[in-house]
Amino acid sequence: METTVTEPSLTRLDPGTPARAAILMLHGGKERSTARVDGRSASWRRAAAMQRSIAGRAHEAGTSVWLLRYRRRGWDGGRGPVEDARWALAEVRRALGDVPVVLLGHSMGARTAVHVADDATVLGVVGLAPWFPPGEPVAALAGRRLVAAHGRRDRITSYRATADFVERARAVASSAELRDMGPVGHYMFKRVASWNEVAVHSALAQL
């Protein structure tokens, strides 16, 4: 039975001065699920922990850090996560004006990010253990920057598929780079500090 779908929501951590830029974080999910995302979601909780960890560095650079919580956990053809991410970009714009934005996504969040990177405010995408199935379109990355970081022991999403996606993205993106995170898996439980460093450094470098 389908669970009642709530509205998407945003958690924002702002610097003490007016933000000059924003990082919009997009958490992971499942290939298929109509379950709503609530505060018990492991994917959302991991992203929230990273948001708190990187906020200090981002704030020093005058950057606000926002985290989207989708309505549903599943990709399910992409419509739901993509709609939610476009709504979140509009909310960032409404609150901060036309500041530059970097999308920071884990797993399904990275897949969502490369579908909405064509938003006028987006400068680039940072994808952590991204889910890029074979043939995933790269067109929305035209003129944007891409950094994808992936571990070699990921059994949920494919390092090889990410490498292929990055190679194809180079044809349209202003830059596309693959970071090898070494012998780690999908959920960023190991080398947490390294994942956080790649996330904040890569995002701020794009800004």
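The values are calculated or read from the model by the stated rules, or taken from the named source; none is laboratory data. A quick note: this is a predicted structure, and the numbers were derived from the prediction, not measured. As a convention, Cβ positions derive from the backbone with ideal geometry for all residues, glycine included, and neighbour counts pool all protein chains shown. Surface areas here come from the heavy atoms of the whole protein model, side chains and all, with no ligands, DNA or RNA. Shrake-Rupley method; radii C 1.70, N 1.55, O 1.52, S 1.80 Å.
Remark: the Cα gyration tensor places the chain in the rounded category, a/c being less than 1.5.
Return the loop-located trypsin sites (Lys or Arg not before Pro) in segment 114-174 (DSSP other than H, G, I, E, B) with at most 10 other Cβ atoms within 10 Å of their own Cβ; answer none if there are none.
Arg155
Global size of segment 134-207: 12.6, 33 Å for Rg and Dmax (C-alpha atoms, Rg to one decimal, Dmax whole). Looking at segment 137-190, the chymotrypsin sites (Phe, Trp or Tyr not before Pro) that sit in a DSSP loop and have at most 10 other Cβ atoms within 10 Å of their own Cβ are Phe189. Just need the relative contact order of segment 115-159 here, percent rounded to a whole number, with Cα pairs under 8 Å and 6+ apart. Result for segment 115-159 is 46 percent.
When the accessible area of the chain is split by element with a 1.4 Å probe, what percent falls to carbon and sulfur? Using a 1.4 Å probe with all protein chains present, the chain comes out at 50 percent carbon and sulfur.
Return the percentage of antiparallel bridges among DSSP beta bridges fully within the chain, rounded to the nearest 5 %.
Working: 6 of 35 bridges.
Looking only at bridges with both residues in the chain, the antiparallel portion is about 15 percent.
Each of Trp66, Val125, Gly77 was scored by the projection of its Cα onto the charge dipole of segment 53-207, and the greatest displacement toward the positive side belongs to Gly77; charges sit on the C-beta of Lys, Arg, Asp and Glu. Each Lys and Arg adds +1 at its Cβ and each Asp and Glu adds -1 at its Cβ; summed about the Cα centre, the chain shows a dipole of about 540 debye.
Each of the GluC sites (Glu not before Pro) that DSSP puts in a loop and that has at most 14 other Cβ atoms within 10 Å breaks the chain; the longest unbroken stretch is 32-207. For the chain, the 222 nm mean residue ellipticity estimated from helices alone, with every DSSP H stretch of n ≥ 4 adding -39500 (n - 2.57) and the total spread over all residues, rounds to -11500 deg cm²/dmol.
Among the trypsin sites (Lys or Arg not before Pro) within segment 1-68, those in coil by DSSP and having at most 16 neighbouring Cβ atoms inside 10 Å are Arg20, Arg32, Arg40.
Spatially, segment 59-89 and segment 145-192 are offset by 20 Å when compared through their Cα centroids.
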